[in-house]
Structures are given as C-alpha cells and as structure tokens.
Amino acid sequence: MNFRRILLIATPYAWLVALFLVPFLIVFKISLSHYAISIPPYSPVFDISAGWEGFKTFLSKLDFDNYRFLSGDDLYWKAYLSSLQIAAISTIITLVVAYPIAYGMAQANDEWRPTLMMLVILPFWTSFLIRVYSWIGILSNEGFLNQILLGLGVIDTPLAIMNTNTAVYIGIVYTYLPFMVLPIYATLEKMDGSLIEAAEDLGCTRISAFWLVTLPLSKPGVIAGCFLVFIPALGEFVIPSLLGGSQTLMIGKVLWEEFFSNRDWPVASAVAVILLVLLIIPIILFQRNEQKQREANQ
C-alpha cells in the first residue's frame, strides 16, 4: 500500500520535473549565455560534460548581463506592462460576457443543459488559428461587420478596428470565453436553489437575492475562470500578431521576434524566464483557490 501511495504521488511530480523543471532549467541556462554567430546562436557558459570543474568555471563566469539589458531597455518592461494590462482588461470583459451565459445555462431546464454545454464547447472543434483568422474577415475595413453597419446606415465610413487593441480584446474574449463560462456554470449548477427561495421569503427581491446569495456563492467559479483566462492571455502571441498588428505591444510578440527574427536566444530566454516568473504567481494563487474549494466541499 505504501509503495502504491508513493508511486501515485511520485507520478505527477515526475511529470512536472520532466516537462516543466528540466525545460525551465535549460531556458535559464541559455539566458545566462552570450550571443554568438553560430548554431545554436549562443555561447554556453556551462558544459555538463566538464563535471565539477565545469560547474566551478560556470560560477566564476556567472553574470546576469541579459537580465540587466532587459531592465535597461524600455521596450521590454513596456511590453510586460502592456501584456498585463491587455490580459487584465480582457479577463474583466470576458467575465462580464460569460457570467450571464453561465447563469442562463444554470437556470435552463435539465433537458436543455447538455445542448447549451455543447454550444459552448463547439468552437474547440475548429482550429484555433482558423477561428482567429476568421475575425480578420469580420473586423477589416471591408469586413462583414463594416458591411452590415454601412448597409444599415449606422456609420458613413468603415470603422478602423483591425490592427488595434480593440481587435485584440475581441479576439481574446472570443477565444477564451469557454474557459470562463464552464467554471462559473459548474459552480452555479451545483448551487442549492432553496437558498434563493429562502432569501425571497425573507423579503429579498430577485435582484437583491442574486447579489446577496448567488454572486457570493459563485465566487470560486469566477476566480477559477479569471485565472484560466488571464494566465494564457498574458503570454498570447497569435491573437496580437494577427489582429493587433505592429501597434500592439505584448511580450509574446517580443519573445517570438527575439527568437526567430533577431535570433538572440540568450535575451529571448531571459524574457521567457521573467514571463514564467510572472505567470507562476497567478498559477500558485489559482492552485490555492482550488485547494480551498476542495477543502470546503469535503
């Protein structure tokens, strides 16, 4: 029994070490290297084959020049701040859109809930890249949205939505909407309806009962959904590249340009390490929230 328990516990940790810790250490090692015109395009400062002597040499030559370079260049910290802003605003918009959807699904009849759930999950059956590309045809100056608005006489000239932050917000909200809807729906669906009836019996209106009972009880789903949207949106690359254009500054685009355009792997690795550190914070908070939720349900 003890061996089985150890094996059960060791399996996820082994998975975490193999797919997270080891790649992170490799990236961190490259971030401490120096740029070189070679293949790969960096000069390593630590040679594993040299053993202990190589490690002592590595410690003697250890420097954080790439990280100092990032701190001294406005482009990088502005990209981090812009990414945090876009991810936060997108998360708030997604929450505002997703909550009524999840609430409507939870209030629907039992026979309709599977169908509504399928409609929420249905976009995942299509390629992520195709779904983002489709917004180019919708938001461009000659796109579907402008054609409808011009035809209805709402506007006289096409709206310039493409290659702006607005298009990025639309793309992120559309793409990550199911990640917000599903946790909130799971929380609302399990809520005891008699609590609302008790609140109404005590004099609450439907609106006040919602604010005093439903909304607080749905807090775990809201927190989980916000983390599930904010974390991937912070490092998003495809959406700002296709919909935001050159004017949208996000750290995912900067990271791609450093790796593939400038081929400066050490600086790109330093950018990735800092981004990962920023992502670890909400991930830890999310895990703590999940643990508290599990303890509360026990």
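A few comments on the model shown:
- Just one of (1) over 30 Å from Pro40 (Cα atoms); (2) without any contact (Cβ under 8 Å) to a residue 24 or more places away in the chain fails for Leu285. It is (2).
Table: residues versus (1) on the phi < 0 side of the Ramachandran plot; (2) surrounded by 13 or more Cβ atoms within 10 Å (Cβ to Cβ); (3) touching a helix residue (DSSP H, G or I) at 6+ places or on another chain (Cβ under 8 Å); (4) aromatic (Phe, Trp, Tyr).
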residue: Ile93; (1), (2), (3), (4): yes, yes, yes, no
residue: Glu111; (1), (2), (3), (4): yes, no, no, no
residue: Tyr133; (1), (2), (3), (4): yes, yes, yes, yes
residue: Ala160; (1), (2), (3), (4): yes, yes, no, no
residue: Tyr176; (1), (2), (3), (4): yes, yes, yes, yes
residue: Leu182; (1), (2), (3), (4): yes, yes, yes, no
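- Taken together, the residues in region 126-163 that are in a helix (DSSP H, G or I) and among the charged types (D, E, K, R) amount to 1.
- Checked against the criterion of being free of Cβ contacts under 8 Å to residues at least 12 places away in the same chain, of a type in the set (D, E, K, R), surrounded by fewer than 19 Cβ atoms within 10 Å (Cβ to Cβ) and more than 25 Å from Pro41 (Cβ to Cβ), region 245-264 has no qualifying residue.
- Against the list (1) in a helix (DSSP H, G or I); (2) of a type in the set (S, T, N, Q); (3) in contact (Cβ under 8 Å) with a residue 40 or more places away in the chain, the condition Thr166 fails is (3).
- Leu139 vs. criteria in contact (Cβ under 8 Å) with a residue 24 or more places away in the chain, surrounded by 17 or more Cβ atoms within 10 Å (Cβ to Cβ) and aliphatic (A, V, I, L, M): yes
- Considering the conditions (1) of a type outside the set (D, E, K, R); (2) modelled with pLDDT of 80 or more; (3) under 19 Å from Pro266 (Cα atoms), Leu59 is excluded by exactly one of them, (2).
- Out of Phe230, Phe237, sole residue that is within 16 Å of the chain's Cα centre (by Cα) and touching a residue at least 24 places away in the same chain (Cβ under 8 Å): Phe230
- Wholly enclosed helices (runs of 4 or more DSSP H) of region 58-121 bearing at least 2 residues farther than 27 Å from Phe227 by Cα: 65-72
The values are calculated or read from the model by the stated rules, or taken from the named source; none is laboratory data. The structure displayed is predicted, hence computed values, not measured ones. Here Cβ is always computed from backbone atoms with ideal geometry, including for glycine, and neighbour counts include all displayed protein chains.
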